[in-house]
Each structure stands twice: as structure tokens, then as C-alpha cells.
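Enquirer: The structure that follows is given in the form of C-alpha cells.
The values are calculated or read from the model by the stated rules, or taken from the named source; none is laboratory data. Just so we're clear, the structure is a prediction, and the values are computed from it rather than from any experiment. Here Cβ is always computed from backbone atoms with ideal geometry, including for glycine, and neighbour counts include all displayed protein chains. Just the protein is used for accessible areas: all its heavy atoms, side chains included, with ligands, DNA and RNA removed. Shrake-Rupley method; radii C 1.70, N 1.55, O 1.52, S 1.80 Å.
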Amino acid sequence: AYEAALASGQLRPAITAAINIGDCFGHLNDHQAALEWMQCALDLARPTQWPRSIGACQTHTAETMRKLGRLDAAGELLREALLVLAPVSGARSYANALFYLGELSLDQGDYDMALDAFSRLAQRAEALDQADFRCKAQRGSAHALSYLDRPDDALLAAECALALATARGDAVNRMAALRVLAMLHARHDLPAPPGMAEANPALHY
């Protein structure tokens, strides 16, 4: 698809195909190959001056860099992506950049920045009426709140994320919420969940 799009001068499909190829390599944990394809997509997008395409490429490239441990470079690219995407802040691509900024901030230990990013994501999720972003915003907020020593608020956010994901049958976000709940109970002295049959709450989740 990528080669056919290039051969016929269809830049937008070529950019999308390159990003998708990069995502596939990322899911296979070949982040170096993923980065090469993301860079290929970005090189195609930059001359077009299309904010959504350029911003999406920057966002996905930054996330791949994060997974490779290149946190500072990922941060620079994400901040640039948010500026580029500002004119189309109503698009999912802008919300996606906020999510990745939150994830990066967690990795960097900047929990105030992470909470701010996830709070902004929650606002965009409501404006877009996007349930997956609601789950991600609550789950990310729970993680950040835990490290800001606000365990009760963190627990409420994590339980909200779990309820949202369960209601949608969203297994990926449900697992992410369960992992955060396990982390919260391992870090803080919180009430045990009802019906717990395991040795401790973290193991239960």
C-alpha cells in the first residue's frame, strides 16, 4: 500500500501507511524498525505543511523514542507536535499527543506535568465524546496522583477507568486499569476490594 501510494502520488495514504507499518513493528517490540518507518512518514509529511499529518507523525515518532528510552528527544518532539496540532485541537490526533505527553511525563518522573496532560486529555475526551480517551485519562491521572501522594484521589480515578473500560468491553484499557489498581494497593494502605480471594489486594487486581 505504501509503495502503491507513493507511485501514484498519493502522499496522505503513503504517510498513513508508513505510520501503520511503524506501529506494527512497535507491537512486535522492534522499536528501532518502528522508528525508521516513523521517520520515513515524518520526512514525507513535513514538506506538505499539513498540520494533522505532520503532528501525527511527530506524535508517533515521539512515542517510539519514549519506548527506546530517548525521553528528552521524545519530549521535544511532542511539544512541537502539540504546537503544530493546535489549529486542529478538536481532532483525535491532538488528544493522542496529550496522552503520549502524559505517558512520557510519568516515565520522566514529572508527575505534575503528567497530571496536567491527563487532565487536559480528559477535557478533550469529553469534547470529542471518546470513551477510550476517557479511560486513558482516568488511568493516567490515577498513576500520577499516586506518586503525588494523593492515594484516595488516585483510587477513585483508577476505579473510574476500570468501570469505563468494563462497560465498553475494552480489554486493553481494562488491563491497564487493573495494573494501576494493583500498583496503588502495593504503594498505599487502601481498603481491600470486595470479594477478595487472594492474599493481598495487589495480587487480586
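Enquirer: Taking only protein heavy atoms and a 1.4 Å probe, what accessible area per residue, in Å², does region 1-112 have with all protein chains in place?
Expert: Accessible area per residue, region 1-112: 49 Å².
Enquirer: What's the FRET efficiency of Leu203 with Asn29 using the Cβ-Cβ distance as r and R₀ = 25 Å, to the nearest 0.05?
Expert: The calculated FRET efficiency here is 0.40.
Enquirer: OK, next. Which angle between 0 and 90 degrees, to the nearest 10, do you get for helix 51-67 versus the longest principal axis of the chain when only C-alpha atoms count?
Expert: Rounded to the nearest ten degrees, it is 50.
Enquirer: As a test of the formula, what do you get for the chain when each DSSP H run with n ≥ 4 contributes -39,500 (n - 2.57) and the sum is divided by the residue count, at 222 nm and rounded to the nearest 500 deg cm²/dmol?
Expert: -25500 deg cm²/dmol
Enquirer: A further question on this structure: Just to confirm my numbers, what's the Cα centroid distance between region 176-200 and region 49-128 in Å?
Expert: Region 176-200 and region 49-128 have Cα centres spaced 29 Å from each other.
Enquirer: Shifting gears a bit: Quick one: pull the percent of accessible area on the chain belonging to carbon and sulfur, 1.4 Å probe, ligands and nucleic acids left out.
Expert: After summing per-atom areas, the C and S share lands at 52 percent.
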